[in-house]
Amino acid sequence: MVKTAIIDVKDRDLLGALQGFLKSILQREEIGALLAPWRLPMKNRIMPALLTDPDQVDRVDPLAPAFPMNNAKVVSRLTRKAAGQQVAAVMRPCEIRAFVELVKLNQGHLEDLLIIGTDCLGACRNTDFSRWAGEDLSAASKDYYTAVLAGGGAAPDGIEPAPACRTCDQSLPVGADLAIGLLGMDTDRQILVQAQTEKGAAYINTSASTGGAPPPARQKAIEKMMADRTAAQDEMFTATQANTDSLEKLSAYLADCVNCYNCRVACPVCYCRECVFVTDVFDHDPGQYLNWARTKGAVKMPTDTLFYHLTRLAHMSTACVGCGQCSNACPNDIPVMELFKTVARKTQEAFDYTAGADIDAKPPLAEFREDEFPEVVGLN
């Protein structure tokens, strides 16, 4: 079901209108807390925060181009067990998709969760955002979303969206209970709210003016952004494949890896309690390193870096949502996202599966299909 409503924007204050809407959600009796991007009072940064005081919503900013972490793991922690009240979570589309994958792996639940999604206007790398935003986060955020909404994808001078955002072709909040539409709207006057589930419909009646329909300009803006991002994505796939189509090229591509495992920690769908790479399996004896060095004449340290990424690709490519947090977390700026997304596209196409798109679709390796890959299993 889709139920549409309009939120009026007063004094051209788009962020203020969103904050007012979120405050009305938090004030509902059944909502215990609101999880949302929040301007920290102790430092000039934006991080996710769990709010219970409606007055604190005035520091919430879901429009800022800051994406310090994928909130899917946070939502997983908050919903793993029943809490007695619902949590309303403001999530980017890639966070929603990642959480859907975690639900399928029994790492979180939807029952006590109200998902609020917005059209994603993109974000930049952590370090880039810190340099660009300066001391006035409110002004920086407004500069960014005003430029993107005016141009359908163009960011203001001095800031560049992260590669994951420039190449994302799934920037609408599919899977949200409440979807906030920004693209193609006259955001100086009003924004769109759509209830995409029965749970979300209960919050439309009291939190926004019901009725209305998306203007024709909205679909045109969406199509333009998707066309631009799809073209950028295709270019990325072509370049990455050319740079990694042999073992020698792949080794060079990942040569700067220092086995910090930041990409594993930042990945929202990498959920194992104990990773094989931090067990005794890869705690080699000193003599083993010397033997490898004697055999080859020289061995790169630390070892196992290439094997580490290949193992992660084997484990995660069916669940990768392309959020880019792996690259965001890399201290040596290895384009990990580009590699993972390129491989994930082929893996997911092979299984006719899109990670996080459908809560009812089983993960590819979770079930056996007799008619799958007959040329491999020899059933022809």
>> Given (1) within 29 Å of K3 (Cβ to Cβ); (2) touching a Pro at 6+ places or on another chain (Cβ under 6 Å), identify the lone condition not met by R229.
In response: (2)
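Could you check segment 1-119 for helices (runs of 4 or more DSSP H) lying wholly inside it with 3 or more residues that are among the hydrophobic types (A, V, I, L, M, F, W, C), modelled with pLDDT of 95 or more and over 29 Å from A319 (Cα atoms)?
In segment 1-119, the matching helices (runs of 4 or more DSSP H) lie at 14-26.
Conditions tested, residue by residue: (1) surrounded by fewer than 16 Cβ atoms within 10 Å (Cβ to Cβ); (2) among the charged types (D, E, K, R); (3) at pLDDT 95 or above.
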site	(1), (2), (3)
C272	yes, no, no
V281	yes, no, no
H284	yes, no, no
L290	yes, no, no
G297	yes, no, no
P302	yes, no, no
T305	no, no, no
S317	no, no, no
C323	no, no, yes
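Could you tell me which of the residues Y203, Y261 is modelled with pLDDT under 95, in contact with a Cys (Cβ under 9 Å, 6 or more places away or on another chain), surrounded by 13 or more Cβ atoms within 10 Å (Cβ to Cβ) and among the aromatic types (F, W, Y)? It would help to see each step written out before you state the result.
Numbers: Y203 fails: in contact with a Cys (Cβ under 9 Å, 6 or more places away or on another chain).
Criteria check complete, one pass: Y261.
Name the one entry in K249, K199 that is farther than 22 Å from C330 by Cβ and either assigned to a helix (DSSP H, G or I) or free of Cβ contacts under 8 Å to residues at least 24 places away in the same chain (or both).
After ruling out the rest, the residue left standing is K199.
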>> Please go through segment 37-83 and give me each residue that is without any contact (Cβ under 8 Å) to a residue 24 or more places away in the chain and of a type in the set (S, T, N, Q), ordered by number.
In response: Q56
>> Go through segment 330-346 and report how many residues are over 15 Å from L250 (Cβ atoms) and within 19 Å of the chain's Cα centre (by Cα).
In response: 6
> Are there any pairs with C-beta distances below 6 angstrom linking a residue in segment 261-276 that is not assigned by TED's automatic domain parsing to the domain that holds V100 to a residue that is assigned to a loop (DSSP other than H, G, I, E, B) and among the small types (G, A, S), with the two at least 6 apart or on different chains, and if so which?
Replying inline: V269/A319
> Among the residues of segment 257-274, which ones are out of contact with any Pro (no Cβ under 7 Å at 6 or more places or on another chain), assigned to a loop (DSSP other than H, G, I, E, B) and within 20 Å of N332 (Cβ to Cβ)?
Replying inline: C257, Y261, C267, C270
>> Which numbered condition in (1) in a loop (DSSP other than H, G, I, E, B); (2) over 16 Å from R264 (Cβ atoms); (3) under 18 Å from the mean Cα position of the chain (by Cα) is the only one that C323 fails?
In response: (2)
> Out of all the residues in segment 216-228, is one or more under 30 Å from L365 (Cβ atoms), modelled with pLDDT of 90 or more and not charged (D, E, K, R)?
Replying inline: yes
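Scanning for something in contact with a Leu (Cβ under 9 Å, 6 or more places away or on another chain), small (G, A, S), exposed (fewer than 15 other Cβ atoms within 10 Å of the Cβ) and not assigned by TED's automatic domain parsing to the domain that holds A357, does segment 231-243 turn up at least one residue?
no
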>> Looking only at helices (runs of 4 or more DSSP H) that lie completely in segment 120-183, which have at least 2 residues being touching a Pro at 6+ places or on another chain (Cβ under 7 Å) and touching a residue at least 24 places away in the same chain (Cβ under 8 Å)?
In response: 126-133
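The values are calculated or read from the model by the stated rules, or taken from the named source; none is laboratory data. Bear in mind the structure is a predicted one, so any value in this text is a computation, not a measurement. Quick reminder, even Gly has a Cβ in these numbers, built from the backbone with ideal geometry, and neighbours come from all protein chains shown.
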